[in-house]
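Coordinate-derived values only; no laboratory data. What you are looking at is a predicted structure, and each value in this text was computed from that prediction instead of being measured. Reconstructed Cβ throughout: ideal geometry from the backbone, glycine too, with neighbour counts over all protein chains shown.
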Amino acid sequence: MNVKVFWGLVPVIGLCALMIEGASAGERTHPQFDRYVSPAYPSGLRGGKSFSSVRVNYDIHHDGSVRNVMLVEQTDQQSANATLSAVKRWRFKPWEVSADMPAEIGESVHVIFDEEPRERRLRMRFSWERREI
């Protein structure tokens, strides 16, 4: 199975930008966000525990809706709740169904909450994988 991984980094302080790796000709493309909601940074990680990880599976339909949001793994409940709440509010731009963009796309997002030690700021790191549904 050929899996395409997308990485992004969202700083918690300042302007947020979500970077998604582009695909070249002949590769599958990623649906574009119409509405992106960033998970709230868990207050329990501030000044104490400095790392948390959450993985969520979800399906994107060609109308842009997100369905079947399911928690796959977590290190703590507060981070899991923040991530689930955000993913359930995501919306993507609708697309025409094709070989590269089927009517339903299964994805998994891995969100890591941690601190940037050099800059002493909080950050979230994202990675995406397309999965078979």
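Based on the Cβ-Cβ distance from residue 36 to residue 75, what FRET efficiency comes out when R0 is 22 Å, to the nearest 0.05?
Values: r = 23 Å, r/R0 = 1.05.
Given R0 = 22 Å and the Cβ-Cβ separation, E is 0.45.
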Legend entry - Label point distance in nm, residue 131-residue 59, each placed 7 Å from Cα along Cα→Cβ: 1.3
Legend entry - Inter-probe distance in nm under a simple model that places probes 7 Å from Cα toward Cβ, at residue 103 and residue 91: 2.2
Legend entry - Karplus 3J(HN,Hα) series, Hz, for segment 71-76 with 6.51 cos²θ - 1.76 cosθ + 1.60 (x for Gly, Pro): 6, 9, 8, 7, 9, 7
